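The values are calculated or read from the model by the stated rules, or taken from the named source; none is laboratory data. Source: prediction; values computed, not measured. Quick reminder, even Gly has a Cβ in these numbers, built from the backbone with ideal geometry, and neighbours come from all protein chains shown.
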Amino acid sequence: MHTRLLALSLAPLFATSLVHAQAPGEAAPQPAAPAPGSPGAAPCGGSSRAESVMANRWSIGLSLGSMGLAPEDQPDNKTDFGVGELALRFRATPHLELAVSAGGGREQLADDQQGDREVSVVALSARYRFRPEAAWNWFVMGGLGGASVTRHDATQQERDDATQPLGMLGIGIERRFRHFALQAEARAIGIGDKDRNDAKVDAPLPTEPGAPTGMATTADPVAAPSQKQSGGALTIGLSYYF
């Protein structure tokens, strides 16, 4: 009986000693941080996204901004357009992204009024991303396509007839939020002549000496005036990756 009472009285003392067995100031061991590149390690750039950008390879993007174009032989005669662009993109590799895009917009005058002209652009392009897995990443791009500058009420046939070859180079930056992204992009644009074999006008026919009035010899057609234009565009946009 006395032995049982002694054991019950000493039990709280043993329990207290076990609770305070850890020395004062001694920290509990912490789990080791995952090594870079291992599953569970955060991607570079400070993003909390655990999955690779290759998990969502398609995207739809909408961009708005401005474009300025001027004839090659009249660089000071620039026309400004307010433009929008819709693009469908596919990420072929972590660094390389392909896109097809269409856009255009109305001429913008100095008094915030809309002019009579309109630009339309369709292009195939590619982007090269330098930090594809980072939340902030920047890229360079290049593309080829066609562009037309017509009256805003032109028919589709008139737009097709006015289409000229287009080339562009650009640079941009993007902030990625897993499925959504914001971007800003600047492009240099060049618009070339249509097929020079089709752009011909008849030259005046010289009259041969001694020929009756109104009679003239035939002459080869001469090339039409150049329709080359150059300029640039600055846009901001939103993309959704899926």
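Couple of notes before you dig in:
- Given (1) modelled with pLDDT of 50 or more; (2) in a loop (DSSP other than H, G, I, E, B); (3) surrounded by 10 or more Cβ atoms within 10 Å (Cβ to Cβ), index of the condition residue 42 fails: (1)
- Looking across region 179-204, the residues that are modelled with pLDDT of 55 or more and assigned to a strand (DSSP E or B) come down to 180, 181, 182, 183, 184, 185, 186, 187, 188, 189, 190, 191.
- Residue match in region 219-230 (condition: surrounded by 11 or more Cβ atoms within 10 Å (Cβ to Cβ) and modelled with pLDDT of 95 or more): yes
- A residue that is assigned to a loop (DSSP other than H, G, I, E, B), surrounded by 13 or more Cβ atoms within 10 Å (Cβ to Cβ) and of a type in the set (A, V, I, L, M) can be found somewhere in region 147-161.
- When region 114-136 is filtered for residues that are of a type outside the set (A, V, I, L, M), part of a strand (DSSP E or B) and surrounded by fewer than 20 Cβ atoms within 10 Å (Cβ to Cβ), the ones remaining, listed by number, are 114, 115, 116, 117, 128, 136.
- Residue within region 165-178 that is on the phi > 0 side of the Ramachandran plot and at pLDDT below 95 present: yes
- Failed item in (1) within 28 Å of residue 52 (Cα to Cα); (2) modelled with pLDDT under 95; (3) of a type in the set (S, T, N, Q), with residue 207 passing the rest: (1)
- Residue 171 passes every criterion in (1) farther than 16 Å from residue 235 by Cβ; (2) among the β-branched types (Val, Ile, Thr); (3) touching a strand residue (DSSP E or B) at 6+ places or on another chain (Cβ under 7 Å) apart from (1).
- Count of region 75-96 residues which are surrounded by 13 or more Cβ atoms within 10 Å (Cβ to Cβ) and in a loop (DSSP other than H, G, I, E, B): 3
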